[in-house]
Every structure is written in structure tokens, then in C-alpha cells.
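Undergrad: Let me give you the structure first, and then I'll get to my questions.
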Amino acid sequence: MKAVASLLCAVLMSFTSSLAQQPSPPPSEQPPLNQQGSKERAIPSFLILGTVFNESALSFARVQVRIRRKDEKKFRWETYTNSRGEFAVRVFPGYEYEVVTHVKKYQDQSHDVDAKVDVQQRLSIKLEPANHPGAALKP
């Protein structure tokens with residue numbers, strides 16, 4: 001019985017040592033997930049950034065900023081300015097965009113951005129108060 005156990009142990013030891021000596025197969029190269037057809041979206045690489053100011057040239061917080069392609073009616077991106085009046089939105093390069101700012105009691109501003117030539121575009125937007133018929137100055 002001892003002979004069978006020692007023979008079995010010797011066979012097992014020689015098998016494991018032969019496995020350890022074999023080189024491991026090279027890792028298979030896999031393309032990135034976006035090329036495999038997964039449902040991940042590509043990250044937009046053109047940056048539209050800017051600062052919004054009021055009529056007194058002070059930074060304007062909480063202004064709605066909406067962006068759409070020039071040939072579309074629906075706005076695809078929306079954000080609000082931070083406490084320093086700044087905003088930044090990533091969009092896809094190769095298109096022309098329209099940036100519209102909106103806040104109550106001020107006129108909407110619209111600016112065109114061409115994302116075909118560079119990697120980013122900075123805007124400086126000054127909002128003007130809306131002229132309401134009932135907003136006449138009091139003497």
C-alpha cells in the first residue's frame with residue numbers, strides 16, 4: 001500500500017512540475033469596448049465653455065444655457081452657470097451649434113459655435129435686461 005501511495009505521489013509531482021515549465025499562452029488582444037459593439041457611447045471631445053455677465057459686467061449665476069445643432073430644433077444639452085457665471089459643455093466635433101442663454105427679466109442671447117475647426121471655443125456673453133412695457137422708470 002505504501003508503494004502505491006508513493007508511486008501516486010511521484011506521478012502527481014511530475015505532472016505538476018511539467019505544467020509549471022510550460023510557458024503560459026500570450027494574452028489575447030481585445031479591442032476597446034467601443035469597437036466591440038457594446039452600448040457605450042463615445043465621449044464628446046469638443047468643449048464649449050464660457051462666462052455669462054449681467055448688464056453691470058458682473059458674473060451671472062444660475063443662467064440656463066442650452067445647446068443644439070444648427071440644423072435641429074430640439075436642444076440636446078442643457079446646463080446652468082455656476083456661482084462665477086461659468087459653464088462648460090462637451091459636444092461632438094464636426095458640427096455647427098447654437099448656444100442660447102436664458103434667465104428671467106433678461107433678453108435671451110444666441111451665439112453660433114463652429115466645432116469643425118478647433119477643440120474648444122470660449123464665449124463671453126453679456127445679458128441685457130428685457131424691455132417690458134410696464135417697466136418704465138419712476139421719477
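The values are calculated or read from the model by the stated rules, or taken from the named source; none is laboratory data. As the structure is a prediction and not an experimental result, all values here were calculated from the model. Here the Cβ is made from the backbone with ideal geometry for all residues, glycine too, and neighbour counts use every protein chain on show.
Undergrad: Output the residues belonging to the stretch 67-84 that are crowded, with 17+ Cβ neighbours inside 10 Å and under 13 Å from His102 (Cα atoms).
TA: Ile67, Thr81
Undergrad: Only one of these conditions is not met by Ser56: (1) modelled with pLDDT under 95; (2) exposed (fewer than 10 other Cβ atoms within 10 Å of the Cβ). Which number is it?
TA: Of the numbered conditions (1) modelled with pLDDT under 95; (2) exposed (fewer than 10 other Cβ atoms within 10 Å of the Cβ), the odd one out for Ser56 is (1).
Undergrad: Against the conditions (1) over 15 Å from the mean Cα position of the chain (by Cα); (2) surrounded by 11 or more Cβ atoms within 10 Å (Cβ to Cβ), where does Arg90 fall short? Just the number, please.
TA: Single failed check for Arg90: (1).
Undergrad: Going by what's in this entry, would Lys104 be described as closer than 18 Å to Ala130 by Cα and of a type outside the set (Val, Ile, Thr)?
TA: yes
Undergrad: Which of (1) in contact with a Pro (Cβ under 9 Å, 6 or more places away or on another chain); (2) of a type outside the set (Asp, Glu); (3) surrounded by 11 or more Cβ atoms within 10 Å (Cβ to Cβ); (4) at pLDDT below 95 is the odd one out, the single condition Ala135 does not satisfy?
TA: Only one criterion is unmet by Ala135, namely (3).
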